[in-house]
Amino acid sequence: TLLPLLVLVWTELRRPWLLALGACTAVLVCCAMLLHFGRFWFAPMPALATLLIALAAWGVYRLQQSQRLAHSDALTRLSNRRLFDVMLTRELGAARRGNRPLSLLLLDVDHFKHYNDTQGHQAGDDALRRIAHAIAERARRPRDVPARYGGDELAVILPETTAHAALAIAVDILRDVRALAIPHPGSNVAPVMTV
């Protein structure tokens with residue numbers, strides 16, 4: 001009956017193994033007390049197994065969460081450069097083996113340094129987040145990889161995509177970013193942010 005409470009508390013602790021060890025000890029002590037005082041034996045193995053399964057499930061969840069954080073850019077929530085490099089190598093190999101097309105879009109935010117200098121870094125971060133979201137909306141297939149390539153450079157790996165189809169996606173991204181209408185007074189390209 002305490003397991004749901006333990007799971008709630010578990011997620012807030014830094015050392016869940018310590019909680020699991022304490023819970024297992026408490027189960028064994030309760031079983032011993034029931035046997036000694038009540039002459040009733042409650043087998044501790046099902047409770048201990050449940051606790052250990054909960055600990056294992058929590059461990060798997062934390063591992064998946066840490067892997068997701070290790071492969072995503074903190075600012076844009078796109079894939080980071082490390083994952084981009086790994087996926088590009090993997091997709092290049094798959095394209096060669098299967099003799100299939102592979103397209104790569106490299107995008108650079110126009111005059112971003114000037115925007116960052118004049119509007120401030122917070123505004124620059126917000127603009128990058130919005131642009132990254134617009135790009136991610138166009139890279140929706142399971143194997144598409146939108147990524148932050150560098151400071152203001154973004155990239156999209158498009159497996160099984162011909163040059164013609166990639167051009168259409170690129171045009172859509174250009175239009176979507178312009179449609180965000182993020183004012184960029186220092187740009188000589190347009191009055192709004194463009195890529």
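The values are calculated or read from the model by the stated rules, or taken from the named source; none is laboratory data. All values derive from a computational prediction rather than experimental measurement. Virtual Cβ from ideal backbone geometry, glycine too; neighbours counted across all protein chains shown. Accessible surface is based on the protein model in full, side chains and every heavy atom, while ligands, DNA and RNA are left aside. Shrake-Rupley method; radii C 1.70, N 1.55, O 1.52, S 1.80 Å.
Provide the solvent-accessible area of residue 138, counting protein heavy atoms only and rolling a 1.4 Å probe, rounded to the nearest 10 Å².
Answer for residue 138: close to 70 Å² accessible.
Quick check: net charge around residue 112, other residues with Cβ under 10 Å of its Cβ, Lys/Arg +1 and Asp/Glu -1?
Neighbour charge sum, excluding residue 112 itself: -4.
I'd like the distance separating the alpha-carbon centroids of segment 121-135 and segment 64-109, in whole Å.
Each part reduced to its Cα centre gives a spacing of 19 Å.
Computed from the mean reciprocal separation of all distinct C-alpha pairs, what Kirkwood hydrodynamic radius does segment 114-181 have, in Å?
Value: 12.9 Å, from the Cα pair sum.
Using label points projected 7 Å from each Cα along Cα→Cβ, tell me how many nm separate residue 172 and residue 30, to one decimal.
Going from the residue 172 label point to the residue 30 one covers 5.5 nm.
For residue 163 and residue 129, what does the FRET efficiency come to when R0 = 25 Å and r is the distance between their Cβ atoms, rounded to the nearest 0.05?
0.30
What is the P(r) of segment 47-152, as percent of Cα-Cα pairs per 5 Å bin from 0?
Percent of Cα pairs in each bin: 2, 10, 16, 17, 15, 12, 10, 7, 5, 4, 2, 1, 0.
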